[in-house]
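The values are calculated or read from the model by the stated rules, or taken from the named source; none is laboratory data. A quick note: this is a predicted structure, and the numbers were derived from the prediction, not measured. Neighbour counts are summed over all protein chains in view; Cβ atoms, including those assigned to glycine, are modelled from backbone coordinates with ideal geometry. What goes into the accessible areas is simple: the full protein's heavy atoms, side chains included, and nothing from ligands, DNA or RNA. Shrake-Rupley method; radii C 1.70, N 1.55, O 1.52, S 1.80 Å.
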Amino acid sequence: MALATSSPITTKPLFRSNCTSRHTVKATGAELPLVESPFPNFPLTLSNFLHLSTTATPNQDDQHERDRNTSGPASTTSTVSLARLKPLYSQKEDISSLFPAIHGKADWSSLLDPLHPGLRREIIKYGEFAQATYDAFDYNPFSEYCGSCLYSQSNLFSKLGLDRHGYNITKYIYAMSHIDLPQWLEKSLHGEAWSRDSNWMGFVAVSGDEESTRIGCRDITVAWRGTVAPAEWYEDLQNQLKQLGPESDAKVEQGFHCLYTSKSDSTRYNKSSASEQVMTEVKRLVNYYRDKGETVSLTITGHSLGGALALLNAHEAATAIPDLPVSVISFGAPRVGNDAFRNELDRLGVKALRVVVKQDLVPKTPGIIFNEGLRRMESMTGSLDWVYMHVGFELSLDIKSSPYLKKGLDFSGFHSLETYLHLVDGFIGPDSEFRSNAKRDLALVNKSSGLLRDELSVPVCWYNNKRIGDDRNSRWGRPNREREDMPVPLPC
């Protein structure tokens, strides 16, 4: 998301803090650390989202943190200055030497504990790509474009402030399903809806020259949209494994597979399936850059349902394109297939990093009871081809590790992708405290939830509200779609 750089504040603050020069805020049962950026940055950074006027004066004094040496508490010797705030992003560093471990075929186990700062930034980058599929999605059922992307391919990254990552979108992905999938597909109630069958499900993007040099390869990225709903809609998915092929023992959840492969000649946007759309584009890009002699990688990301589709996409890509490094970075994703599916992904060289919040229910489904834990009993139970299994490495996060999040139950907040990105930003290792020099704006946590502690005075679900504006007739409503941002049917 677009976040402002350091600058003097020229607007009236949106959020009021009772503490400016002190370094902790007293809270019930705990002290809330005041690192250099959180409180004064709220009005400043949200100005981008809420369209407030600020004047930018970049701060040149920020020193790039070295995460492995900064696990201690925040310094208590400095004071907060509204005019001299630290940048909201860590500086980009050249990680091309880490190409085999991060984007290549070597695994990333050596970078997980403690979490390497280069890998952390890459995880957040791909998480922001996945978050973009939510932020740019039209959820309004009264809009004729409900279920589509709010922005065109050329505008999406700039509208959401993600052009700083150095990627360009080359294709949008649309999906439909031939079976009833609860809460997966949004449908417009408008009489002239853009589509009655399809939803925008994500995009394919590729790194530009500068970013490719920095990471050591030409990176093709696929970001799949998930669902913001918690775990209840996964309940109907259990015991519905579908065989991937006539000669394969691999099985996957049939709802995920149907969404990935469904198509119909009668639709405007899914005459080809999501699988066919994404694979056609990935193959085109791989061939184009390989013909130029470049090293190419494929990184697939998604949150929730999007993480499940990412694994199906990775299996197909690794099968179809020889010697292509294929990685999956998923957030809050459910189990997708059985043990044979996991073994096939291992054999194909697909490496997967599952980012999981302990309190989130979705990664525990399907197969809350019958899952990979039964492998210890395989000698007694026999083949486990009917049991759901997780894939790859797990990066486990804990809501309790952040001093900025509320205690208690909030399953929707636990599953929110912005909650995940906040916890990744503060994560060093399982036995370390929350990172005191984390850069990501805390206000983003409440973008579509209310998980931030009340002392921070950040509005709940503020992102949905900020898109509502006042039209010329002084009536409140959502802004009209620009012509260039209207959905364009895919070519036959």
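Some notes on this structure:
- Label zone of LYS105 (point 7 Å out along Cα→Cβ, amide N under 19 Å): in region 273-288 this covers 283, 286-287.
- Between the amide H of VAL336 and those of MET389, distances stay under 5 Å, these residues lying 5 or more places away or on another chain, with hydrogens modeled in the peptide plane.
- Computing Rg and the Kirkwood Rh from the Cα coordinates of region 95-175 gives a ratio, Rg/Rh, of 1.10.
- For ARG335, the solvent-accessible surface computed with a 1.4 Å probe is close to 20 Å², ligands and nucleic acids excluded.
- Extended-chain gain in nm, criterion 0.36 nm per residue less alpha-carbon gap, GLU276 and ASP323: 14.9 nm
- Distant-in-sequence amide H partners of VAL296 (H built 1.01 Å from N, under 5 Å): ARG218
- The listed residues THR299, THR170 rank as THR170, THR299 when sorted by accessible area, largest first, using a 1.4 Å probe.
- Per-residue 3J(HN,Hα) values for region 146-155, derived from phi via the Karplus relation 6.51 cos²θ - 1.76 cosθ + 1.60 with θ = phi - 60°, read 3, x, 9, 8, 5, 10, 6, 4, 6, 9 Hz in sequence order (x marks Gly and Pro).
- Rounded to 0.05, the FRET efficiency of the SER266 and ASP113 pair, given R0 = 60 Å and the Cβ-Cβ distance, is 0.70.
- Full extension of the chain between GLU433 and ASP398 yields a length gain of 11.5 nm, computed as 0.36 nm times the residue separation minus the alpha carbon distance.
- Among ILE124, ILE220, the sequence by solvent-accessible area, most first, with a 1.4 Å probe is ILE124, ILE220.
- With the whole protein complex present, PHE393 retains an accessible surface near 80 Å², based on a 1.4 Å probe.
- In this structure, the amide hydrogen of TYR174, modeled 1.01 Å from its nitrogen in the peptide plane, lies closer than 5 angstrom to those of MET201, counting only residues at least 5 positions away or on a different chain.
- Table column - 3J(HN,Hα) (Hz), region 394-408, Karplus curve with 6.51, -1.76, 1.60, x for Gly and Pro: 10, 9, 8, 10, 9, 3, 5, 6, 8, x, 9, 9, 5, 8, x
- At the residue level, VAL357 shows approximately 0 square angstrom of accessible surface with a 1.4 angstrom probe and all protein chains present.
- Point-to-point label distance, LYS406-GLU93, nm (Cα→Cβ direction, 7 Å offset): 3.7 nm
- For region 262-274, 3J(HN,Hα) per residue [Karplus equation, 6.51 cos²θ - 1.76 cosθ + 1.60, θ = phi - 60°, Hz, x = Gly/Pro]: 5, 7, 7, 5, 8, 9, 8, 10, 10, 5, 10, 6, 4
- Peptides 306-314, 115-123 ordered by average Cβ neighbours within 10 Å, highest first: 306-314, 115-123
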